[in-house]
Amino acid sequence: MKENISIIIPTRNRKQDIIECIDSICSQTLLPDELIIVDSSDTSELNSELKKHFKEKLKIRYFVFV
């Protein structure tokens, strides 16, 4: 029986830190089934960066929390 692995990352105005964190996740031998990011940042820069760099590697669910 395969277990599903989800990683949830809450963030606020930490774009570069999140990108480094996801880079680290991508270098693991076992990738999560999904990565959930809950963002309460002032801008939407993180969402565009995620699409640009990680779209092919991970299933990312991005939520904006205002």
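The values are calculated or read from the model by the stated rules, or taken from the named source; none is laboratory data. Not measured: the values here are computed from a predicted model. Here the Cβ is made from the backbone with ideal geometry for all residues, glycine too, and neighbour counts use every protein chain on show. When the accessible area is computed, the model is the full protein with side chains, heavy atoms only, and any ligands, DNA or RNA have been set aside. Shrake-Rupley method; radii C 1.70, N 1.55, O 1.52, S 1.80 Å.
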Exercise. Enumerate lysine pairs in the chain that are 8 or more residues apart or on different chains, then count those whose Cα atoms are under 22 Å apart.
Key: 8
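Measuring with a 1.4 Å probe in the full set of protein chains, what accessible area per residue, in whole Å², belongs to the chain? Walk me through the numbers before you get to the answer.
Numbers: 4930 Å² over 66 residues.
Dividing the accessible area of the chain by its residue count gives 75 Å².
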Quiz item: Out of these labelled values of percent of Cα pairs over 21 Å apart, (1) 18; (2) 32; (3) 39, which was calculated from the coordinates shown here?
Solution: (1)
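Would you mind calculating the gained length between Ile19 and Lys51 on full extension (0.36 nm times residue separation, minus the Cα-Cα distance), in nm to one decimal?
Numbers: separation 32, 0.36 × 32 = 11.52 nm, distance 1.12 nm.
Extra length available between Ile19 and Lys51 comes to 10.4 nm.
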Quiz prompt | Distant-in-sequence amide H partners of Ile36 (H built 1.01 Å from N, under 5 Å) | solution = Ile7, Ile8, Ile9, Arg61
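Taking the Cα centre of the chain as the origin, how large is its charge dipole in debye, to the nearest 20, when only Lys and Arg (+1) and Asp and Glu (-1) carry charge on their Cβ atoms? Before the final figure, lay out the partial values.
Numbers: 10 positive and 11 negative charges, 33 e Å.
In debye, rounded to 20, the chain gives about 160.
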Quiz item: Which value, in Å² rounded to 10, gives the accessible area of Glu20 with a 1.4 Å probe and all protein chains present?
Solution: 100
Quiz item: Roughly what angle does helix 45-54 make with the longest principal axis of the chain, taking Cα atoms, 0 to 90 degrees, to the nearest 10?
Solution: 30
Quiz item: Between Ser27 and Val66, what is the FRET efficiency for a Förster distance of 35 Å, r being their Cβ-Cβ separation, to the nearest 0.05?
Solution: 0.65
Self-check item: Carbon + sulfur, % of accessible area of the chain - ligands and nucleic acids excluded, 1.4 Å
Solution: 52
